[in-house]
Every structure is written in C-alpha cells, then in structure tokens.
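Read-outs throughout are calculated quantities, based only on the coordinates presented, and are distinct from any laboratory measurement. The shown structure was predicted, so the numbers you read here are calculated from the model rather than taken from an experiment. Glycine also receives a Cβ, built like all others from the backbone with ideal geometry; neighbour counts cover every protein chain displayed.
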Amino acid sequence: MIGTYDFCAHYEWTFAWLEKQFGKEFLLSFFDEAIHRDSQLKAKNLITELGFEGMKEYWGHTLDKEGAEYTWRMGPDYFRMDMHDCPSKGFLMRNELEQHADYCDHCMGWIGPLMKEAGFSIDHQHNHRGQCWWVFSADGEDPPSVALESDENDVRRRKDWDDDNTPVDTFFRANGIPDKKNQTE
Amino acid sequence: MKNNPKLDPLPYHDRKPHGYGEFYRALNATFRYIDGKKGRSHLEKFWEDHGKNYMAPIWKKWKAGGLDAIALYWRAFFAHEPGAEVKVTANQEFVDIRVSVCPAIKHLKETDWEIFPHYCQHCYFVSEAAAQQSGYTIRVDGGNGTCSQRFYPAQSAPEKQNLSDIRLAQ
C-alpha cells in the first residue's frame, strides 16, 4: 500500500516518474487535471465560488492540518500568504530527498490554472528551501500595492531567505509554470 | 530526521505522527489520471516501479531480515496511517496482514469521494514488485475497505494471484 505518512516523498518520486516516462508537458497536464480538477476539487470549488474568502477557508484548514508555519493576510482585493516552513518541501529536506528537479513548481502547476479559471493572477516566489510567498489578486490588473508591502511576516525578510547556492524562482501576474520569469535574486 | 537505520523499519520520517488523510485523494487522482490517459498497463508499471524503485530502502531490509522484517515494516507503516485498523502477525511460513479498516478507503468513503474502482489493486502490484526484489511474494484477498494480505517466500507461494480476488472499490 502507498501511504500518507511519507506521501510527499512518494509525490516527488511520482513527478520524476511521470516526466521521465511521458515528458514535461504530461507532467504539467497532471498538475492541472489530476490535482487541480480532481484531488483539489474542493479548493477549486471554494475559490471559484467564494474568491478571497474561499482562499482563506481552504488554506487555513489545509495548511494547519499539514503542520505548516505560515501567515496570511487579506483585503477586499487580495489574499497574501507567506510560507516560512513548508511541511511538504520540509519533509523532503529533512529526509534528504531530491528526485525531481523542482518539487516546488507543483504548487504553481495546480494553483495557477485554478486561479486563472477563478479570475485571479499570481505573484509568487519560492526559494526551494521550504519558503515562499503568494499574492492572489484580480486577473488583468496590477496587484494592489498593499498586498506587496513588506511587513514583519514577509518571508523575504528572513536571514535564510537568500542562499547563494539555491536560486529563487519568480512569477509575476502568472497562471502557470511556463510563466516563470527567472531564477535569480 | 532519520532514526537508527538498523532498528527503524521506515525509511523516512515526518514531524507529525500520522499522515494527512486527504493525501489519499491525491493517490486516487494519480491512479485515475494515469489509467485514463495512458491505460492500465502504464498504471501497473507505475505501481511496479514504485515497488521496485521507491521502496528499495524497504525491500532491502526485507531481503536481509526476512518475514520478521516484513512484519515489522507493515506494523510501523499502518501505525502512521490515519484511521487504520490492522493486525500484522508472522510465523515461519508467512506474514499475515488483516486489514479490518483500510485507512484509504475509509477516508475516501467518509468524504464522499469518487473512488478509482481499481484502487485496491495497487496494494498487490506495489507490494508484489517490492516482495519479488527480496525473494517473497504477496497474495491479496478482499478489498473495498477490508482485506487480507499475505507475504510468502517466493518458493513456497500458493497459486498465482487472481486479480478477481481483489474487490473493486466504490
């Protein structure tokens, strides 16, 4: 039986297997169809129907259950989340696992298309060490400045945010992995 | 995060004592997706590769430790699965795993989720692939929430697994 206790390790192994067997495009389709439209159907429905309130309800519940250390804030026109200790990537790092080139991309892989359908765009960075930030706001508009303002919860203020050995992946007004801008900073 | 590898049957450890039940949905979706896009033979290969490759740290211990190591692993495995009710016993002939409450099927049913009908077959294909690497074989009987799984030494196995002995999940 494949279990849930080591699920993140299995999931990373699966991403590498799918990409090796069927190619990158198939993996991108997997993120969209198997995760966004199947296993995360509740998230899709919540966010599509309730917008920012749905994001609050979904991520508050799910990340608490997964044991994440994160903060969130929202306004009438945005939802922001700062992940300080990702339970999923953290599991891989603590167990010294790295089977797939960019495990962190799977979040953008399913959240991006979901947000597109719900009418939102994403500003996001991840540092491949269990830390990232996300701003969701209306598609087709610039993100509200208040959403991008740095406060004490901004994960980028951490001393360990930057690491010369690990690139930071950046997305602005994005809705999928192909929208990745660079791997710098 | 790793415990003493000589004593610990599990290769990886989390900070939480149990897995997160909703990950069963992701497994269910993964099986459905591969089956739907590529067909059953590719899904079976996915399961077999999982048993051979992902589970290599596990079956290497089975190979070294025999039936006792197999029993030790499954006791530890199910102790970390949310909602599992499973009894694992071993004798000199086989390891017997009695699943009275399968945590995956329980969670999927309780959350009224559409279950991939052949979900229970993954237990056979994954475990058989891992078992073969270590000189053992498995027979599965039941499914859809309760089943029995027995690991035998490959040379003393009963007749071949009949996949129709594994019930469809619904």
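Would you please name the trypsin sites (Lys or Arg not before Pro) within region A:97-179 that are DSSP coil residues with at most 14 other C-beta atoms within 10 Å of their C-beta?
A:Arg158, A:Lys159
Which of the aspartates and glutamates could be linked to A:Lys42 by a straight reach, that is with a Cα gap under 19 Å, when you skip same-chain ones fewer than 8 residues away?
The qualifying aspartates and glutamates are A:Asp32, A:Glu33, A:Glu53, A:Glu57, A:Asp64, A:Glu66, A:Glu117, B:Glu22, B:Glu110, B:Asp112, B:Glu114.
When the Cα centres of region A:2-16 and region B:40-101 are compared, how far apart do they sit, in Å?
15 Å
With +1 on each Lys and Arg Cβ and -1 on each Asp and Glu Cβ, how big is the dipole of the protein assembly as shown about its Cα centre, in debye rounded to the nearest 20?
With Lys and Arg at +1 and Asp and Glu at -1, about 1400 debye.
How many Lys pairs in chain B lie less than 20 angstrom apart by Cα atoms, where the lysines are 8 or more positions apart or on different chains?
Lysine pairs, 8 or more places apart or on different chains, close enough: 13.
Of chain B, which part is the longest with no trypsin sites (Lys or Arg not before Pro) in a loop (DSSP not H, G, I, E, B) and with at most 10 other C-beta atoms within 10 angstrom?
Segment B:7-159 is the longest.
Take chain B, connect every pair of alpha-carbon atoms lying under 10 Å apart with a spring to form a Gaussian network, then pick out the residue of B:Asp96, B:Asp35, B:Asp14 with the largest mean-square fluctuation.
B:Asp14
Size of the dipole of region A:1-94 about the Cα centre, Lys and Arg at +1 and Asp and Glu at -1 on the beta carbon, nothing else charged, in debye to 20?
80 debye
Using the Cα centre as the reference, give the magnitude of the dipole from point charges on the C-beta atoms of region A:7-183 (Lys, Arg: +1; Asp, Glu: -1; all else neutral), rounded to the nearest 20 debye.
220 debye
Based on the alpha-carbon gyration tensor of region B:23-157 and its eigenvalue square roots a ≥ b ≥ c, which shape applies: rounded if a/c is under 1.5, prolate if not and a/b is larger than b/c, or oblate?
Note, shape of region B:23-157 comes out oblate.
Around B:Gln161, what is the net charge, scoring Lys/Arg as +1 and Asp/Glu as -1 over all other residues with Cβ under 14 Å from its Cβ?
With Lys, Arg at +1 and Asp, Glu at -1, the neighbours total -2.
Out of the GluC sites (Glu not before Pro) in region A:45-123, which ones are loop residues according to DSSP with at most 16 other C-beta atoms within 10 Å?
Passing both the DSSP loop test and the Cβ count: A:Glu96, A:Glu98.
Using DSSP loop states and a limit of at most 12 other Cβ atoms within 10 Å to flag GluC sites (Glu not before Pro), what is the longest stretch of chain B containing no flagged site?
Excluding the exposed sites themselves, the longest stretch runs over B:1-92.
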